[in-house]
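These notes are about the structure you will find just below.
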Amino acid sequence: MILVTGANGHLGRGIVDQLVARSGRVAGIAASVRDPRRAADLAERGIAVRQGNFDQPETLAAAFAGVGKLILVSTDGPKEVRIAQHRNAIDAARAAGVRHILYTSLIDVATDSPADFAAVHRATEADLAASGLEFTALRNPLYADFLPMTVGAARATGVFQLPAGSGRACFVSRAELAEATAAAALAPALARRVYELTGQATHDYHEVAAAVARVSGQPVRYQAVSEDAYADALEASGVPGWLARSLANMYSAVAAGKFDRVSNDFATLVGHPPRPLACLAQELFGAR
Ligand SMILES: NC(=O)c1ccc[n+]([C@@H]2O[C@H](COP(=O)([O-])OP(=O)(O)OC[C@H]3O[C@@H](n4cnc5c(N)ncnc54)[C@H](OP(=O)(O)O)[C@@H]3O)[C@@H](O)[C@H]2O)c1
């Protein structure tokens with residue numbers, strides 16, 4: 001049985017849908033969520049829905065019972081909280097007899113990264129390696145889905161600001177990342193422990209601005225700002241302090257080149273590469 005954690009979240013739900021679509025069946029597919037009432041549609045489709053909360057490890061023995069492959073969707077929250085949540089999930093998986101964990105990691109796990117997010121994923125990958133279980137790290141790039149939020153200010157002012165310098169990153173949609181994750185879970189065997197689910201090209205945010213301007217017909221410009229200025233502005237707009245700082249130091253990691261990676265791993269798993277920036281920009285910003 002393959003079980004997806006976080007199946008009420010965007011990525012987790014997408015992975016469940018892709019497992020069903022790619023395998024053509026619901027038998028053998030299960031979902032773990034904190035609130036099963038919000039997964040009633042999955043149960044109606046015949047998918048086994050279990051209650052599991054990484055903050056309540058006592059819930060996880062029943063959630064993970066009989067599971068062979070666990071797709072561990074990373075949680076959200078402050079750094080230490082997430083590391084502990086993932087550790088609880090890994091410990092419970094081992095105790096329940098799970099054979100293989102596929103983990104939705106991040107492209108940036110560098111030890112010298114300024115990003116809190118890198119520290120979380122590096123710690124969880126280390127916990128997976130220490131667990132003795134078979135594991136696969138599916139390192140996700142930046143979600144393309146967040147570009148409208150990132151570029152949002154430019155709708156009013158023509159300018160968006162980030163502390164990303166002239167660093168390069170690639171952007172892949174959550175829907176496509178869900179597809180690659182499901183493909184990895186359904187593969188009879190995987191050749192490697194780490195897959196980098198990047199697009200085929202990286203871009204700096206000047207190029208992102210140009211791509212958005214091209215399809216929206218609006219002038220859009222990117223302006224690099226300092227990490228502190230960006231975090232302060234986010235906090236002033238109501239974003240919780242830990243998240244404002246984590247987003248800011250993630251963009252500092254972009255500036256430092258930590259997201260400047262491309263690989264063919266996505267195509268190896270799915271059979272074709274993910275959509276390029278021009279297509280994503282058309283979908284997300286195209287004049288309708
Ligand atoms: N690469 C990127 O650009 C990027 C951007 C944002 C986030 N992420 C990471 O990718 C993950 C999935 O993204 P998303 O857009 O699907 O996020 P989302 O819709 O906000 O979902 C958050 C997920 O975290 C799970 N979760 C939170 N606390 C948990 C707990 N105590 N126990 C078990 N599960 C818990 C939720 O489980 P339920 O289903 O039970 O609600 C949910 O699936 C995020 O959680 C984050 O780690 C990556």
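Filtered by the rule that a residue be assigned to a helix (DSSP H, G or I), within 11 Å of the ligand (Cβ to nearest atom) and closer than 17 Å to Ala137 by Cα, the range 57-84 gives a lone residue, Arg82.
Are any of the residues in the range 225-233 open to solvent by less than 20 Å² (accessible area, probe 1.4 Å), under 30 Å from Ala21 (Cα atoms), in a helix (DSSP H, G or I) and touching a residue at least 12 places away in the same chain (Cβ under 8 Å)? Write out each step before concluding.
Looking only at the range 225-233, we keep the residues that are open to solvent by less than 20 Å² (accessible area, probe 1.4 Å), and these are 231.
Of the ones still in play, those that are also under 30 Å from Ala21 (Cα atoms) are none.
No.
Of all the listed residues (Ala164, Ala184, Ala175, Ala189), the sole one being out of contact with any His (no Cβ under 7 Å at 6 or more places or on another chain), assigned to a loop (DSSP other than H, G, I, E, B), hydrophobic (A, V, I, L, M, F, W, C) and within 16 Å of the ligand (Cβ to nearest atom) is Ala164. Leu106 - would you say it is within 22 Å of Cys170 (Cα to Cα) and crowded, with 18+ Cβ neighbours inside 10 Å? Taking the combined requirement at face value, the residue satisfies it.
Restricting the search to the range 181-211, which residues are modelled with pLDDT of 95 or more, touching a strand residue (DSSP E or B) at 6+ places or on another chain (Cβ under 7 Å) and of a type in the set (Gly, Ala, Ser)? Answer for the range 181-211, where residues must be modelled with pLDDT of 95 or more, touching a strand residue (DSSP E or B) at 6+ places or on another chain (Cβ under 7 Å) and of a type in the set (Gly, Ala, Ser): Ala184, Ala185, Ala209.
The numbered conditions (1) hydrophobic (A, V, I, L, M, F, W, C); (2) away from the ligand (no atom under 13 Å from the Cβ); (3) under 17 Å from Ala184 (Cβ atoms); (4) touching a helix residue (DSSP H, G or I) at 6+ places or on another chain (Cβ under 9 Å) are all true for Leu3 except (2).
Select from the range 251-283 the residues that are aliphatic (A, V, I, L, M) and within 18 Å of the chain's Cα centre (by Cα) and list them in ascending order. So that I can check it myself, show each step before the final result.
Kept after step one, since they are aliphatic (A, V, I, L, M), are these residues of the range 251-283: 253-256, 262, 267, 269-270, 277-278, 280-281.
Ala253, Val254, Val262, Ala267, Leu269, Val270, Leu277, Leu280 - these are the residues of the range 251-283 that are aliphatic (A, V, I, L, M) and within 18 Å of the chain's Cα centre (by Cα).
If you check Phe146 against the conditions, is it modelled with pLDDT of 95 or more and under 20 Å from Ala118 (Cα atoms)? Spelling it out, Phe146 is indeed modelled with pLDDT of 95 or more and under 20 Å from Ala118 (Cα atoms). All conditions in (1) open to solvent by 10 Å² or more (accessible area, probe 1.4 Å); (2) near the ligand (Cβ under 9 Å from one of its atoms); (3) assigned to a helix (DSSP H, G or I); (4) within 19 Å of Asp127 (Cα to Cα) hold for Ala89, with the sole exception of (1).
Looking only at residues in the range 272-288 that are without any contact (Cβ under 8 Å) to a residue 40 or more places away in the chain and not in a helix (DSSP H, G or I), the one that is nearest to Glu176 (Cα to Cα) is His272.
The values are calculated or read from the model by the stated rules, or taken from the named source; none is laboratory data. Quantities reported herein were computed from a predicted structural model and do not represent experimental measurements. All Cβ positions, glycine included, derive from the backbone under ideal geometry; neighbour counts span all protein chains shown. Accessible surface areas use protein heavy atoms only, side chains included; no ligands, DNA or RNA. Shrake-Rupley method; radii C 1.70, N 1.55, O 1.52, S 1.80 Å.
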